[in-house]
1. Which residues, counting only those in the stretch 1-22, are in a helix (DSSP H, G or I), under 21 Å from Q56 (Cα atoms) and open to solvent by less than 100 Å² (accessible area, probe 1.4 Å)?
2. Sort out which residues of the stretch 212-237 are among the hydrophobic types (A, V, I, L, M, F, W, C) and either touching a Pro at 6+ places or on another chain (Cβ under 7 Å) or not in a strand (DSSP E or B) (or both), and write them in order of number.
3. Need the failing condition index for L205 against (1) in a loop (DSSP other than H, G, I, E, B); (2) under 24 Å from the mean Cα position of the chain (by Cα); (3) farther than 27 Å from R84 by Cα, just the number.
4. Where residues in the stretch 196-217 are at pLDDT below 90 and more than 24 Å from T236 (Cα to Cα), which of them is surrounded by the fewest Cβ atoms within 10 Å (Cβ to Cβ)?
5. Looking at E35, E50, E66, E25 in this structure, which one is part of a helix (DSSP H, G or I), more than 30 Å from H232 (Cα to Cα) and open to solvent by 60 Å² or more (accessible area, probe 1.4 Å)?
6. What's the number of the only condition in (1) over 21 Å from F187 (Cα atoms); (2) open to solvent by less than 10 Å² (accessible area, probe 1.4 Å); (3) under 12 Å from the mean Cα position of the chain (by Cα) that V169 fails to meet?
Amino acid sequence: MSDFLHQAIIKEYCKSLRTPRISAEYPRFVREATENGWSYEEFLQRLLEEELNARQDSVAQRRLKEAKFPEIKTLDQVDWEELRGVSRPAIQQLATCGYIDAGEDIILAGPIGTGKTMLSIALGVEAARRRYRVAFCRAAELVRELREATTEHRLGRLQRRYQKVDLLVLDELGFVPFDKQGGELLFNLLSDRYERKSTIVSTNLSFGEWVQVFGCEKLTTALLDRLVHHAHILTTKGESYRTKRARKMTTKG
(Lines give C-alpha, C1' and ligand atoms only; values in the text may rest on other atoms or scores of the structure.)
Protein backbone atom coordinates (compact mmCIF):
# COMPACT_ATOMS: atom_id res chain seq x y z
CA MET A 1 0.00 0.00 0.00
CA SER A 2 1.45 3.40 -0.96
CA ASP A 3 2.21 6.19 1.54
CA PHE A 4 -0.40 8.35 -0.18
CA LEU A 5 -3.08 5.72 0.40
CA HIS A 6 -1.99 5.26 4.03
CA GLN A 7 -2.32 9.00 4.58
CA ALA A 8 -5.74 9.12 2.98
CA ILE A 9 -7.00 6.27 5.18
CA ILE A 10 -5.52 7.82 8.33
CA LYS A 11 -7.18 11.16 7.59
CA GLU A 12 -10.51 9.42 7.00
CA TYR A 13 -10.19 7.55 10.31
CA CYS A 14 -9.31 10.80 12.10
CA LYS A 15 -12.36 12.45 10.58
CA SER A 16 -14.60 9.63 11.80
CA LEU A 17 -13.01 9.72 15.28
CA ARG A 18 -13.13 13.53 15.36
CA THR A 19 -9.43 13.96 16.05
CA PRO A 20 -8.52 16.86 13.74
CA ARG A 21 -5.26 17.70 15.51
CA ILE A 22 -3.91 14.18 15.01
CA SER A 23 -4.93 14.38 11.36
CA ALA A 24 -3.03 17.64 10.91
CA GLU A 25 0.06 16.86 12.99
CA TYR A 26 0.76 13.13 12.65
CA PRO A 27 3.17 13.53 9.65
CA ARG A 28 5.38 15.77 11.81
CA PHE A 29 5.32 13.24 14.63
CA VAL A 30 6.18 10.43 12.22
CA ARG A 31 9.28 12.38 11.12
CA GLU A 32 10.30 13.15 14.72
CA ALA A 33 9.75 9.54 15.77
CA THR A 34 11.92 8.31 12.90
CA GLU A 35 14.68 10.83 13.58
CA ASN A 36 14.73 10.27 17.36
CA GLY A 37 14.04 6.56 17.51
CA TRP A 38 10.83 6.79 19.54
CA SER A 39 9.19 3.56 20.61
CA TYR A 40 5.65 2.86 19.41
CA GLU A 41 4.37 3.69 22.89
CA GLU A 42 6.14 7.06 22.99
CA PHE A 43 4.90 7.92 19.50
CA LEU A 44 1.30 7.09 20.45
CA GLN A 45 1.56 8.97 23.76
CA ARG A 46 2.85 12.16 22.14
CA LEU A 47 0.26 12.01 19.39
CA LEU A 48 -2.58 11.61 21.89
CA GLU A 49 -1.16 14.40 24.08
CA GLU A 50 -1.22 16.72 21.06
CA GLU A 51 -4.91 16.00 20.49
CA LEU A 52 -5.74 16.34 24.19
CA ASN A 53 -3.94 19.69 24.52
CA ALA A 54 -5.71 21.01 21.43
CA ARG A 55 -9.09 20.02 22.86
CA GLN A 56 -8.32 21.62 26.21
CA ASP A 57 -7.23 24.83 24.50
CA SER A 58 -10.45 24.82 22.50
CA VAL A 59 -12.56 24.40 25.64
CA ALA A 60 -10.66 27.21 27.39
CA GLN A 61 -11.26 29.58 24.47
CA ARG A 62 -14.95 28.67 24.49
CA ARG A 63 -15.16 29.29 28.24
CA LEU A 64 -13.57 32.74 27.79
CA LYS A 65 -16.09 33.63 25.11
CA GLU A 66 -19.05 32.35 27.12
CA ALA A 67 -18.00 34.38 30.19
CA LYS A 68 -18.69 37.68 28.34
CA PHE A 69 -15.98 39.69 30.04
CA PRO A 70 -16.11 43.38 29.04
CA GLU A 71 -12.40 43.04 28.27
CA ILE A 72 -9.72 40.46 28.95
CA LYS A 73 -7.49 41.28 31.91
CA THR A 74 -4.84 38.94 33.26
CA LEU A 75 -2.75 38.85 36.42
CA ASP A 76 0.31 39.60 34.27
CA GLN A 77 -1.19 43.05 33.67
CA VAL A 78 -1.56 43.90 37.36
CA ASP A 79 0.71 46.70 38.57
CA TRP A 80 1.61 45.12 41.89
CA GLU A 81 3.51 48.20 43.04
CA GLU A 82 0.42 50.37 42.60
CA LEU A 83 -2.02 47.86 44.11
CA ARG A 84 -2.72 48.63 47.75
CA GLY A 85 -4.26 46.48 50.49
CA VAL A 86 -4.12 43.16 48.61
CA SER A 87 -1.05 40.96 48.62
CA ARG A 88 0.32 39.35 45.50
CA PRO A 89 0.72 35.91 47.15
CA ALA A 90 -2.95 35.95 48.18
CA ILE A 91 -4.10 36.65 44.62
CA GLN A 92 -1.73 34.08 43.14
CA GLN A 93 -3.05 31.47 45.55
CA LEU A 94 -6.62 32.25 44.51
CA ALA A 95 -5.55 31.97 40.86
CA THR A 96 -5.04 28.22 41.41
CA CYS A 97 -8.88 28.07 41.61
CA GLY A 98 -8.94 25.87 44.70
CA TYR A 99 -11.69 28.10 46.09
CA ILE A 100 -13.93 27.09 43.18
CA ASP A 101 -13.48 23.40 43.91
CA ALA A 102 -14.37 24.14 47.55
CA GLY A 103 -17.44 26.24 46.66
CA GLU A 104 -15.96 29.32 48.35
CA ASP A 105 -16.54 32.98 47.50
CA ILE A 106 -14.36 36.07 47.11
CA ILE A 107 -15.36 39.57 48.17
CA LEU A 108 -13.28 42.43 46.76
CA ALA A 109 -14.13 45.64 48.60
CA GLY A 110 -12.58 49.07 48.43
CA PRO A 111 -12.82 52.61 47.03
CA ILE A 112 -13.75 53.22 43.41
CA GLY A 113 -10.85 52.85 40.97
CA THR A 114 -8.52 50.79 43.16
CA GLY A 115 -8.34 47.68 40.99
CA LYS A 116 -11.28 45.57 42.16
CA THR A 117 -12.81 45.00 38.74
CA MET A 118 -9.45 44.25 37.14
CA LEU A 119 -8.65 41.67 39.81
CA SER A 120 -12.07 40.04 39.57
CA ILE A 121 -11.82 39.81 35.78
CA ALA A 122 -8.25 38.47 35.97
CA LEU A 123 -9.33 35.76 38.41
CA GLY A 124 -12.31 34.97 36.22
CA VAL A 125 -10.10 34.73 33.13
CA GLU A 126 -7.76 32.37 34.95
CA ALA A 127 -10.72 30.18 35.91
CA ALA A 128 -11.98 30.13 32.31
CA ARG A 129 -8.52 29.18 31.07
CA ARG A 130 -8.66 26.26 33.48
CA ARG A 131 -11.93 25.30 31.78
CA TYR A 132 -14.33 26.29 34.56
CA ARG A 133 -17.66 27.76 33.47
CA VAL A 134 -17.58 31.50 34.23
CA ALA A 135 -20.11 34.32 33.84
CA PHE A 136 -19.36 38.02 34.27
CA CYS A 137 -22.23 40.36 35.19
CA ARG A 138 -22.52 43.86 36.55
CA ALA A 139 -24.87 43.73 39.52
CA ALA A 140 -27.41 46.20 38.14
CA GLU A 141 -27.51 44.42 34.76
CA LEU A 142 -27.99 41.03 36.41
CA VAL A 143 -30.92 42.33 38.48
CA ARG A 144 -32.44 43.84 35.34
CA GLU A 145 -32.05 40.49 33.57
CA LEU A 146 -33.71 38.67 36.47
CA ARG A 147 -36.61 41.14 36.52
CA GLU A 148 -37.17 40.78 32.78
CA ALA A 149 -37.09 36.99 33.10
CA THR A 150 -39.74 37.21 35.82
CA THR A 151 -42.01 39.32 33.62
CA GLU A 152 -41.52 36.98 30.66
CA HIS A 153 -42.11 33.81 32.77
CA ARG A 154 -38.63 32.37 32.16
CA LEU A 155 -37.06 33.08 35.55
CA GLY A 156 -36.63 29.38 36.39
CA ARG A 157 -34.68 28.75 33.20
CA LEU A 158 -32.43 31.75 33.81
CA GLN A 159 -31.81 30.75 37.41
CA ARG A 160 -30.84 27.23 36.35
CA ARG A 161 -28.39 28.67 33.84
CA TYR A 162 -26.63 30.70 36.53
CA GLN A 163 -26.73 27.81 38.98
CA LYS A 164 -24.64 25.75 36.54
CA VAL A 165 -21.90 28.38 36.32
CA ASP A 166 -18.84 27.39 38.37
CA LEU A 167 -17.86 31.02 38.97
CA LEU A 168 -20.12 34.07 38.85
CA VAL A 169 -18.21 37.36 38.74
CA LEU A 170 -20.58 40.01 40.11
CA ASP A 171 -19.14 43.47 39.53
CA GLU A 172 -20.03 46.91 40.86
CA LEU A 173 -22.36 45.90 43.67
CA GLY A 174 -23.35 49.15 45.33
CA PHE A 175 -23.35 51.48 42.34
CA VAL A 176 -27.13 51.24 41.90
CA PRO A 177 -29.62 50.43 44.69
CA PHE A 178 -32.27 47.79 44.01
CA ASP A 179 -35.97 47.89 44.69
CA LYS A 180 -37.52 45.20 46.89
CA GLN A 181 -38.14 42.76 44.03
CA GLY A 182 -34.67 43.23 42.56
CA GLY A 183 -32.99 42.71 45.91
CA GLU A 184 -34.97 39.54 46.56
CA LEU A 185 -34.20 38.12 43.11
CA LEU A 186 -30.47 38.64 43.54
CA PHE A 187 -30.62 37.26 47.09
CA ASN A 188 -32.36 34.10 45.87
CA LEU A 189 -29.84 33.56 43.10
CA LEU A 190 -26.83 33.96 45.40
CA SER A 191 -28.48 31.82 48.08
CA ASP A 192 -29.00 29.02 45.57
CA ARG A 193 -25.28 29.10 44.77
CA TYR A 194 -24.25 29.10 48.45
CA GLU A 195 -21.75 26.31 49.22
CA ARG A 196 -22.34 24.82 45.76
CA LYS A 197 -20.79 27.30 43.35
CA SER A 198 -18.41 30.23 43.76
CA THR A 199 -19.05 33.95 43.38
CA ILE A 200 -16.68 36.91 43.20
CA VAL A 201 -18.31 40.13 44.37
CA SER A 202 -16.63 43.50 43.85
CA THR A 203 -18.08 46.43 45.77
CA ASN A 204 -17.20 49.95 46.85
CA LEU A 205 -19.30 49.58 50.01
CA SER A 206 -18.46 48.33 53.47
CA PHE A 207 -20.62 45.48 54.75
CA GLY A 208 -22.55 47.92 56.95
CA GLU A 209 -23.58 49.86 53.83
CA TRP A 210 -24.99 46.91 51.86
CA VAL A 211 -28.45 47.54 53.28
CA GLN A 212 -28.48 50.74 51.18
CA VAL A 213 -28.41 48.54 48.08
CA PHE A 214 -30.86 45.83 49.09
CA GLY A 215 -33.18 48.09 51.08
CA CYS A 216 -34.01 45.41 53.65
CA GLU A 217 -31.87 44.86 56.73
CA LYS A 218 -33.10 41.32 57.31
CA LEU A 219 -32.41 40.24 53.74
CA THR A 220 -29.00 41.97 53.72
CA THR A 221 -27.98 40.26 56.96
CA ALA A 222 -29.01 36.86 55.59
CA LEU A 223 -27.07 37.42 52.37
CA LEU A 224 -23.93 38.57 54.15
CA ASP A 225 -24.16 35.59 56.49
CA ARG A 226 -24.00 33.28 53.48
CA LEU A 227 -21.38 35.15 51.47
CA VAL A 228 -18.98 35.77 54.34
CA HIS A 229 -19.24 32.23 55.72
CA HIS A 230 -16.79 30.71 53.22
CA ALA A 231 -15.36 33.88 51.70
CA HIS A 232 -11.91 35.23 51.00
CA ILE A 233 -12.32 38.91 51.87
CA LEU A 234 -9.86 41.26 50.16
CA THR A 235 -9.83 45.02 50.67
CA THR A 236 -8.17 47.35 48.19
CA LYS A 237 -7.00 50.73 49.39
CA GLY A 238 -5.68 54.03 48.16
CA GLU A 239 -6.58 56.57 45.52
CA SER A 240 -8.26 55.85 42.21
CA TYR A 241 -5.80 54.83 39.49
CA ARG A 242 -7.62 57.09 37.03
CA THR A 243 -7.37 60.07 39.35
CA LYS A 244 -3.64 59.48 39.81
CA ARG A 245 -3.08 59.17 36.06
CA ALA A 246 -5.05 62.36 35.41
CA ARG A 247 -2.94 64.22 37.99
CA LYS A 248 0.28 62.95 36.39
CA MET A 249 -0.89 64.07 32.94
CA THR A 250 -1.83 67.49 34.32
CA THR A 251 1.59 67.79 35.97
CA LYS A 252 3.38 66.82 32.74
CA GLY A 253 1.29 69.32 30.80
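The values are calculated or read from the model by the stated rules, or taken from the named source; none is laboratory data. Note that the structure is a prediction, hence the values are computed from the model and not measured. In this analysis, Cβ positions are derived from the backbone assuming ideal geometry, glycine residues included, and neighbour counts consider all displayed protein chains. To get the accessible areas, we keep the full protein, side chains included, count just its heavy atoms, and leave off ligands, DNA and RNA. Shrake-Rupley method; radii C 1.70, N 1.55, O 1.52, S 1.80 Å.
1. Passing the criteria: C14, S16, P20, R21, I22.
2. Those that are among the hydrophobic types (A, V, I, L, M, F, W, C) and either touching a Pro at 6+ places or on another chain (Cβ under 7 Å) or not in a strand (DSSP E or B) (or both): V213, F214, C216, L219, A222, L223, L224, L227, V228.
3. Among (1) in a loop (DSSP other than H, G, I, E, B); (2) under 24 Å from the mean Cα position of the chain (by Cα); (3) farther than 27 Å from R84 by Cα, L205 violates only (3).
4. Result: E217.
5. E35
6. Of (1) over 21 Å from F187 (Cα atoms); (2) open to solvent by less than 10 Å² (accessible area, probe 1.4 Å); (3) under 12 Å from the mean Cα position of the chain (by Cα), only one is false for V169: (1).
Listed here are the residues, each with its yes/no results for (1) under 17 Å from L205 (Cα atoms); (2) touching a residue at least 24 places away in the same chain (Cβ under 8 Å); (3) open to solvent by less than 10 Å² (accessible area, probe 1.4 Å).
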site	(1), (2), (3)
E81	no, no, no
R88	no, no, no
G98	no, no, no
V125	no, yes, yes
R133	no, yes, no
C137	no, yes, no
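Quick grid of which residues meet (1) in a helix (DSSP H, G or I); (2) closer than 21 Å to L119 by Cα:
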position: R131; (1), (2): no, yes
position: L142; (1), (2): yes, yes
position: L158; (1), (2): yes, no
position: D192; (1), (2): yes, no
